[in-house]
Amino acid sequence: MLVYGTVAIYYVMFVNILYFAIMGLSFRSIGTIARRAKYSSYQTLSGSELVPSVSLLVPAYNEELTIIENVYCLMTLNYPTYEVIVINDGSSDDTLSVLIKEFKLEKMHNPEIRGTIETQNVRGIYHNPDYPHLFIIDKENGGKADSLNAGINFSHYPLISSIDADSLLEKDALIRMARMYMENPEETVAIGGDVRIANGCLIENGAVKRVSLPRKIWPMFQSIEYLKAFLGGRIGWSRMNGLIIVSGAFGLFRKDYVIAVGGYRGGYPGEDMNIIIKLHRYMLSHKIPYKVAFCPEAVCWTQAPDTYKIISNQRMRWGRGNLKNMIENRGMFLNPKYKVMGLITVPYNVLFETLNPYFRITGLLALAGYTFLDMTHWRILLTFMLLNFLSGYLLSVGAVILEEIAFRRYKKLSDLWKMLLFSALKFVGYHQLGVLWRVQGHIQYLRKNNSWGTMTRQSWKEESETASTA
Amino acid sequence: MPESLTLERKQQEGLYHNLEERLNKTFPELCGVMFLYCPGPPQLESLVSEFLRQETGSDIEVLKDASTSTLAVLLPGSTLNQAHYQALLLKRHLEETVPEADPRITLTVFPGQVDPTPGVLKQMAESARLGPSADIHIFTKEEAASEPGRILIVDNDDTIREFLTIRLNMQGYETLEALDGTSALELIEKWEPDLVLTELNLYGIDGLPFINQIQKLPVENTPKIVVLTEQRVERTISQCFQHGVDDYITKPFSPVELDARIHRCFQ
Amino acid sequence: MFSHLFVAYVFIYVCLGLIGLGIMLLVQMKISHNREQQRREYYEQKHHDYFVYVQAHLGDDAELKLPPGKLKPLERSVIQDKFIEWIEQFKGDYRNRLIRLCREAGFVEADLKALGSFRYGRRLAAAYRLGGMRAEEAVPGLLKMLKKGKYNSISIIIARSIAKAANRPEDLLDMLRSLLSHGKPIHHLAADILLETGLDAGSILLKLLDDPDPALVKVGLVAMWGQAVPEVMPVLGRLVGAKEKDVRAEAVKLYLSTNPALKDETIVQLMTDRDWEVRAEAAKALGQLHAAGSIPLLVKALQDASWKVRHNSAESLAALGEAGFEALCQAAVTGTGIQREAALHRIGLVMEAEQKHGAIEQMVAYNKKRLIHDRYFGVKQPVKRMTGVAAVGGDYTA
C-alpha cells in the first residue's frame, strides 16, 4: 500500500511538472502575444477586400431567450465580408418563430445547397434581403454536429467559424482571428479563440460593456478553470502544434479541410475535440505541413452554468466525450507517425486527463489507508494533499499572471484578491467534484448512456440587471 | 410606435401648419403671436385665455402644443407694442397667481420682420421653451435667418466624434452625438436632424439595417445620410447606395472633402 | 522511502516560494498598471483644452503651437498617442500638419533614440510609434529590424510601420521582398500592408508588376482589387500568359473585370484553361460580353467539374437573352446529372426573379422566357427545386 502511495506521489509530481512545462511554453509566448495584441492595427484590415470571407455557423437548440441578442451581436462584428447562418436544430420552443418575427424573415424558394455531407432533413431556409448576411436554416433535430454539417453544406465562403448560440463575440474577435490566419494562410487549418465567462458582466447592445467577475460561486470557479486551461494550457500546446481541442464556442476552420475529414462527427458529445483530432490525423497522414493555432486575444464571452445539476451534466458530458475520443484514437498513442500529437498530446491526455481521477483517488485511498494503519505516518498523507493543493494553486497563479501581462480584462485590485481566493477554495470541494463528474461521465460511457441534459438559459437581460445593480 | 404617439405627432405637425393658415387667412392684417412656456400649472390654457380676454376684450385664441406644453397665443389686431405690453401683464399675473411659476415668452407680430412659416413658428416656440433668460424675448429677423443645419453624429469612436463635433460646430451646424444605433434612432425621432453622419460599424445594430430603419422613421423630413466608415468592400458600398444613402466616405478621410460633401447635401 | 518524501518536501517548498513570488509580482503589476491608467486619464483631462485647440485650428494655415508647460514623460506619451490617432484617421493636409507638429514637439527624435534601446519591448514600441508618425528617417533602422528577426506577427507590425513611413518606393519594395522571402503565401496581408503607404499607388504597382520575383507580382495583382488603376492594364495582358498559376488566375480576373473586347480564340483558350478559377472568371465575363460563339461554350461548361464554373456559366446563359435562356432550358431537358441540375437551378431563379419586376420591358422579357420555359417543361409542371447532391469536388470558395 505504501509503495502504491509513493507511486501516486510521484505521479502527482510528474503530472504537475508537465503542466508547468506547458505553462512555461505559454510564458515564453506571452510576450509576443501581448505585443501583437497591443501593436497590431486592424483599421485597414477590418474594412478591406483582401480579408478572407467567413461563414459563422450558430447551431441553436431551444435558445429562444438568448438567440436574438446573440444574432445582433454577431451581425455587428467589425469585419468586412461575412455571413451569419443560424441553424435551428428542430427546437421544441419558439426559437425559430422568435427569429422570424424579429428580423421579418421569409422562406427562400430556391436556396442553393452546395454541400455534400449527410445531415438530417432540412425543412427550409429563411432570409430577408434587408439583412443580406443573415440566414436561418430550419432542420429536424440531429444534434450540434449535425447542425454544423448542415450549415457547412449551405455556407458560401471558404472559412467557417463554429459559434455557440450563447456566445457573445467581442467586436474585434473575428478580425483578430482572421489576421492570424492571414499570416499563414496555406498552413493554418484551424484557430481556436479564448472563451471567458460572462456571468456577472454588464451586457448591453449585444456586447460586454463592463467586465467583472461572476458573483455566484459556480461560475466563479469556472472562470478560474477557464483561465488556467486557455491561457496556461492552450497557448503552450499550440506552440508545439499539439493542440487537441478548439472550443466549439468559438473556432475558425478551413472549410475544405473540414469537408475532407468528413465534417463533424455526430451522435456523441466531444465533437469539438474530435474534429481537431481528425484534422491532425488527416494532415499528418497526408504529410501536409499544417498548424492548429490558438488566438488568445480573440475573446468570446459565454454563459456558464450556475447550478449543480447543469454543471454536473456538462462535465459528465465532457467526460464521456473525452473517453470516447481517446478510445477511438488509441491508434495514435505513442505512435511516432503522428509526431507531437502521437508522442505527447494523446498520451498526456490519456494518462493525465482521462485516467487522472483514478490515479489520484486510488493514491489518496492508499495513503489514507496507510495512515489509518499507523497514525505516525500522517505526514505522508499531508504531503500528498499539500502537493496537490500547492501545485494546482501555483498553476492558477501562473494563469493569472499571464492574464495580467497580456490582457488585463479584470481591472480592479479586488478582482485579483477574489481570483486568488477562489483558486484556493477550489480545492475544498470543487476540484474533487470535478473528479467525481469525470468518473461519472466515464461510467455513462460504459453504460452507453447518451442523454444530453438541458442547459436552461438565463436571458442576457437578467444577468445584466443583476450586474448593473452590483 | 404606439398609435397614440403617432397621432400626437401628426397633431403637433398640424399645429404649426394650422397656425400659419390662421395667420395668413383669418388674420392677414395684423396679428401678434406670443409663445408661452410655463411648466407647472394645470389648465394653463384657460388661465391665460381668461386673463387676456379680460384685459383686451378682443377675441384671443390660445392653441396648445401638447408634446412640448408650449402655448401659442394669437392676438389679432395687436401691434408689437401692444402685444409686448400684454405679455408683460400676463407674465406678472402668472408670477403672482401661480406659485413658483417661471413663464418664458417669445413674441412677434405678423406681418413684420419675419414670415409666419411653420419653421419660423416652431423656432419661436422652441426659443420660448429653451431660452436661457427669463426676459420677454422679441423674435427678430436675424434669428429666423440663421436656421442652422442639424447634424447627428453616430460613431462609437470618441476621438472621431469629438473632432467632428468641434469642426461642424465651428462651421455653424448644430450637432448632437450618439454612440450606437438604438440611441441614434431615438434622437433622430426626437431632434429631427437634417443630416445623419454615421459609421457602419456600430454596436447593437448593423449599418445597413440601421439605414433602413432611419428611412422608416415617422419624421417629417427623412434626414440625409452620409456614411463615414472604414469599410471599403465594394459590395457594401453599393448596397449602401442601393438603400438610399446620400454619400459614402471611407476612413482615413480628408476633413476638407467631408465638409464639401456635407455642404452639398444641404443644398 | 523517506528519501522520496524528501523529494516531495523540496517540491512543496519550491511551490510555496514560487507562489509567494508570483502573488507579490501580481499585486505589484496590478497596482502599477492601474496607477498608470489613472495618470493617463488625468493627463488626458488636463490637456483636453489643448486638444480642442488643435482640432479646431488644424484647418488653419497658421502654425500650431506646441503643448504648453513642462511635460512629464507620461504626459508626452499621452499627447503623442492622441496625435498618432489623428494621423491615422485623417488624410491630406491635416495629416501633414500633425506630422509636422509631432516633429516640432520632439517626439520623432525621442523615438528614434528609443529604436536603439537595449530592451526589445522599447524598440518595438518605438517602431510602432515611428510608423504612426510617418517618420521617414526611421525606415533604415526599421528595415534592419525587419530583416534581423525571424518571421512572426511582430514582423508584420514592423513591416506596416515601414509602409507608413517610407517615402521612397525602393524601401517599400525592399520591405516586401524581405517579408515574402520566408516563403509564406501572405500576399493578401502584404498587399494590405502595402496599401498603407502615402506614396502614389499607381507607380508602385507598376514597379511590382514588372518585378522578376513572382511573389511581388502576385502582391501587386492582389493589391489592385477594388482600385481602378488604368496605367496597369497593358501589363495585365502580358501576365495572363504567366506561368505561375496564382498569378495567372488573378491577372485574368482583373483583366476580365474591366470588360475588354476579347478575341474568339482568347475566349476559347480561357474557357478551356486548366485552372478552374480562370474558367470560372471567363464564364462570368461572357455574360457581359455578348460575343457570338459564347452560348455553345457556356453550355459545354455546364458540365464542368468545378461547381463555380457551372454556376457562372448558367448565370451567363440566363443573361444572354432568349437565345441563352433557350439553350439553358434545352440543357435542362436533354442533359443529365450536373449539367441538368445547374441549368434547372438557374431557370428556377430566373423565373422567380422575373415575377417580381413591374416595368413593362421586363414583363415582356419575362413573358417571352415564360413561353420558352413552357414549351420545354409543359404548362402545368412547376420548376422543381433540386437541393440534391453536387458532384464530387464541389466548390470551396464563394
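The values are calculated or read from the model by the stated rules, or taken from the named source; none is laboratory data. Note that the structure is a prediction, hence the values are computed from the model and not measured. In this analysis, Cβ positions are derived from the backbone assuming ideal geometry, glycine residues included, and neighbour counts consider all displayed protein chains.
Under the condition of being in contact with a Phe, Trp or Tyr (Cβ under 9 Å, 6 or more places away or on another chain) and within 14 Å of another protein chain (Cβ to nearest Cβ), which residue from the stretch B:174-198 is nearest to C:Gln45 (Cα to Cα)?
Top of the filtered list is B:Leu179.
Of the residues A:Leu323, A:Leu364, which single one is of a type in the set (A, V, I, L, M) and under 17 Å from A:Val3 (Cβ atoms)? Reasoning before the result, please.
On the way: A:Leu323 fails: under 17 Å from A:Val3 (Cβ atoms).
Selected residue: A:Leu364, the only one of A:Leu323, A:Leu364 that is of a type in the set (A, V, I, L, M) and under 17 Å from A:Val3 (Cβ atoms).
Please report, ordered by residue number, the helices (runs of 4 or more DSSP H) entirely within the stretch A:206-286 with at least 1 residues that are over 18 Å from A:Phe422 (Cα atoms) and at pLDDT 90 or above.
Details: elements: A:217-227, A:235-239, A:255-260, A:271-285.
Those helices (runs of 4 or more DSSP H) span A:235-239, A:255-260, A:271-285.
Could you check the stretch B:94-117 and list, in sequence order, the residues that are part of a helix (DSSP H, G or I) and farther than 15 Å from B:Leu71 by Cα?
B:Glu95, B:Glu96, B:Thr97
Condition (residue is within 14 Å of chain C (Cβ to nearest Cβ) and over 23 Å from the mean Cα position of the chain (by Cα)) applied to the stretch A:338-354: is it met by at least one residue?
So the first thing to find is which residues in the stretch A:338-354 are within 14 Å of chain C (Cβ to nearest Cβ), and the list is none.
So far as the stretch A:338-354 goes, no, none of its residues is within 14 Å of chain C (Cβ to nearest Cβ) and over 23 Å from the mean Cα position of the chain (by Cα).
Please enumerate the residues belonging to the stretch C:32-52 that are closer than 17 Å to B:Arg167 by Cα and without any contact (Cβ under 8 Å) to a residue 12 or more places away in the chain. Talk me through it step by step, then tell me what you get.
Here is the first cut: in the stretch C:32-52, the residues closer than 17 Å to B:Arg167 by Cα are C:48-52.
C:His48, C:Asp49, C:Val52 - these are the residues of the stretch C:32-52 that are closer than 17 Å to B:Arg167 by Cα and without any contact (Cβ under 8 Å) to a residue 12 or more places away in the chain.
Is at least one residue of the stretch C:142-164 farther than 23 Å from C:His182 by Cα and either in contact with a helix residue (DSSP H, G or I) (Cβ under 9 Å, 6 or more places away or on another chain) or within 11 Å of chain A (Cβ to nearest Cβ) (or both)?
Within the stretch C:142-164, the subset farther than 23 Å from C:His182 by Cα is none.
No, the stretch C:142-164 has no match at all.
For B:Gly207, only one of the following conditions fails: (1) surrounded by fewer than 22 Cβ atoms within 10 Å (Cβ to Cβ); (2) at pLDDT below 90. What is its number?
In the conditions (1) surrounded by fewer than 22 Cβ atoms within 10 Å (Cβ to Cβ); (2) at pLDDT below 90, B:Gly207 misses (1) alone.
Results for (1) without any contact (Cβ under 8 Å) to a residue 60 or more places away in the chain; (2) surrounded by fewer than 16 Cβ atoms within 10 Å (Cβ to Cβ); (3) under 30 Å from A:Ile288 (Cβ atoms), shown as yes or no for each residue.
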site	(1), (2), (3)
A:Met326	yes, no, yes
A:Arg330	yes, yes, yes
A:Pro336	yes, yes, yes
A:Gly342	yes, no, yes
A:Asn356	no, no, no
A:Gly363	no, no, no
A:Gly369	no, yes, no
A:Trp378	yes, yes, no
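Regarding the stretch C:89-107, can at least one residue be identified that is buried (at least 19 other Cβ atoms within 10 Å of the Cβ), within 30 Å of C:Ser32 (Cα to Cα) and of a type outside the set (A, V, I, L, M, F, W, C)?
No, because not a single residue in the stretch C:89-107 is buried (at least 19 other Cβ atoms within 10 Å of the Cβ), within 30 Å of C:Ser32 (Cα to Cα) and of a type outside the set (A, V, I, L, M, F, W, C).
Among the residues of the stretch A:388-417, count how many are closer than 30 Å to A:Leu367 by Cα and either within 7 Å of chain C (Cβ to nearest Cβ) or not in a helix (DSSP H, G or I) (or both).
Residues in the stretch A:388-417 being closer than 30 Å to A:Leu367 by Cα and either within 7 Å of chain C (Cβ to nearest Cβ) or not in a helix (DSSP H, G or I) (or both): 6 in total.
Out of the residues in the stretch A:186-199 that are part of a loop (DSSP other than H, G, I, E, B) and modelled with pLDDT of 90 or more, which is surrounded by the fewest Cβ atoms within 10 Å (Cβ to Cβ)?
Step one: list which residues in the stretch A:186-199 are part of a loop (DSSP other than H, G, I, E, B), which gives A:186-187, A:198-199.
Next, only the ones that are modelled with pLDDT of 90 or more stay: A:187, A:198-199.
Details: A:Glu187: 18, A:Ala198: 25, A:Asn199: 24.
So, considering only residues that are part of a loop (DSSP other than H, G, I, E, B) and modelled with pLDDT of 90 or more, the one surrounded by the fewest Cβ atoms within 10 Å (Cβ to Cβ) is A:Glu187.
Would you point out the residue of the stretch A:93-109, among those that are surrounded by fewer than 19 Cβ atoms within 10 Å (Cβ to Cβ) and not acidic (Asp, Glu), that is nearest to the other protein chains (Cβ to nearest Cβ)? Lay out the reasoning, then the answer.
Initially, the stretch A:93-109 is screened for residues surrounded by fewer than 19 Cβ atoms within 10 Å (Cβ to Cβ), giving A:93-94, A:97-98, A:100-102, A:104, A:106-109.
Now restrict to residues that are not acidic (Asp, Glu): A:97-98, A:100-101, A:104, A:107-109.
Numbers: A:Ser97: 20, A:Val98: 17, A:Ile100: 16, A:Lys101: 15, A:Lys104: 10, A:Lys107: 12, A:Met108: 10, A:His109: 6 Å.
Only one residue fits best here, namely A:His109.
Is it the case that some residue within the stretch C:87-94 is touching a residue at least 12 places away in the same chain (Cβ under 8 Å), part of a loop (DSSP other than H, G, I, E, B) and either under 18 Å from C:Ala125 (Cβ atoms) or within 11 Å of chain B (Cβ to nearest Cβ) (or both)?
no
I need the full set of residues from the stretch C:262-309 which are of a type in the set (Ser, Thr, Tyr) and either under 20 Å from C:Arg346 (Cβ atoms) or touching a Cys at 6+ places or on another chain (Cβ under 6 Å) (or both), in order please. Even if it seems obvious, please write down each step before you answer.
So in the stretch C:262-309, the residues of a type in the set (Ser, Thr, Tyr) come out as C:266, C:272, C:294, C:306.
C:Ser294, C:Ser306, listed by residue number.
Under 9 Å by Cβ, and 6 or more places apart or on different chains, what pairs join a residue from the stretch A:199-227 that is on the phi < 0 side of the Ramachandran plot with one that is of a type in the set (Lys, Arg) and in a helix (DSSP H, G or I)?
Once the first residue is on the phi < 0 side of the Ramachandran plot and sits in the stretch A:199-227, its partners that are of a type in the set (Lys, Arg) and in a helix (DSSP H, G or I) give A:Ile203/A:Lys461; A:Leu213/A:Lys418; A:Met220/A:Lys418; A:Phe221/A:Lys426; A:Ile224/A:Lys426; A:Glu225/A:Lys426.
Restricting to the stretch A:34-69, give me the number of residues that are within 21 Å of A:Asn128 (Cβ to Cβ), surrounded by fewer than 24 Cβ atoms within 10 Å (Cβ to Cβ), more than 13 Å from every other protein chain (Cβ to nearest Cβ) and not hydroxyl-bearing (Ser, Thr, Tyr).
1
Does A:Phe294 satisfy being in a helix (DSSP H, G or I) and either buried (at least 17 other Cβ atoms within 10 Å of the Cβ) or over 17 Å from the mean Cα position of the chain (by Cα) (or both)? Walk me through it before giving the result.
On the way: in a helix (DSSP H, G or I): no; either buried (at least 17 other Cβ atoms within 10 Å of the Cβ) or over 17 Å from the mean Cα position of the chain (by Cα) (or both): yes.
For A:Phe294, the condition - in a helix (DSSP H, G or I) and either buried (at least 17 other Cβ atoms within 10 Å of the Cβ) or over 17 Å from the mean Cα position of the chain (by Cα) (or both) - is not met.
Do the conditions hold for B:Gln215, that is, is it more than 10 Å from every other protein chain (Cβ to nearest Cβ) and either charged (D, E, K, R) or not in a loop (DSSP other than H, G, I, E, B) (or both)?
Values: more than 10 Å from every other protein chain (Cβ to nearest Cβ): yes; either charged (D, E, K, R) or not in a loop (DSSP other than H, G, I, E, B) (or both): yes.
Against the criterion (more than 10 Å from every other protein chain (Cβ to nearest Cβ) and either charged (D, E, K, R) or not in a loop (DSSP other than H, G, I, E, B) (or both)), B:Gln215 qualifies.
Taking the residues in the stretch B:48-71 that are closer than 20 Å to B:Ala101 by Cβ and of a type in the set (Ser, Thr, Tyr) as candidates, determine which candidate is surrounded by the fewest Cβ atoms within 10 Å (Cβ to Cβ).
B:Ser69
Report, by residue number, each residue of the stretch A:11-33 that is at the interface with chain C (Cβ under 8 Å from one of its Cβ atoms) and at pLDDT 90 or above.
Of everything in the stretch A:11-33, those that are at the interface with chain C (Cβ under 8 Å from one of its Cβ atoms) and at pLDDT 90 or above turn out to be A:Gly31, A:Thr32.
Can C:Lys308 be described as modelled with pLDDT under 80 and of a type outside the set (A, V, I, L, M, F, W, C)?
Values: modelled with pLDDT under 80: no; of a type outside the set (A, V, I, L, M, F, W, C): yes.
Answer is no for this residue.
For the stretch C:72-86, name all the residues that are more than 9 Å from chain B (Cβ to nearest Cβ) and either in contact (Cβ under 8 Å) with a residue 40 or more places away in the chain or under 19 Å from C:His48 (Cβ atoms) (or both). I'd like the intermediate steps shown before the answer.
So the first thing to find is which residues in the stretch C:72-86 are more than 9 Å from chain B (Cβ to nearest Cβ), and the list is C:72-81, C:83-84.
Across the stretch C:72-86, the qualifying residues are C:Lys72, C:Leu74, C:Glu75, C:Arg76, C:Ser77, C:Val78, C:Ile79, C:Gln80, C:Asp81, C:Phe83, C:Ile84.
Got at least one residue in the stretch B:222-239 being surrounded by fewer than 18 Cβ atoms within 10 Å (Cβ to Cβ) and either away from chain A (no Cβ under 14 Å) or among the hydroxyl-bearing types (Ser, Thr, Tyr) (or both)?
Scanning the stretch B:222-239, I find at least one residue that is surrounded by fewer than 18 Cβ atoms within 10 Å (Cβ to Cβ) and either away from chain A (no Cβ under 14 Å) or among the hydroxyl-bearing types (Ser, Thr, Tyr) (or both), so the answer is yes.
Just a yes or no: is a residue in the stretch B:174-190 modelled with pLDDT under 80 and among the acidic types (Asp, Glu)?
Checking the stretch B:174-190: not a single residue is modelled with pLDDT under 80 and among the acidic types (Asp, Glu).
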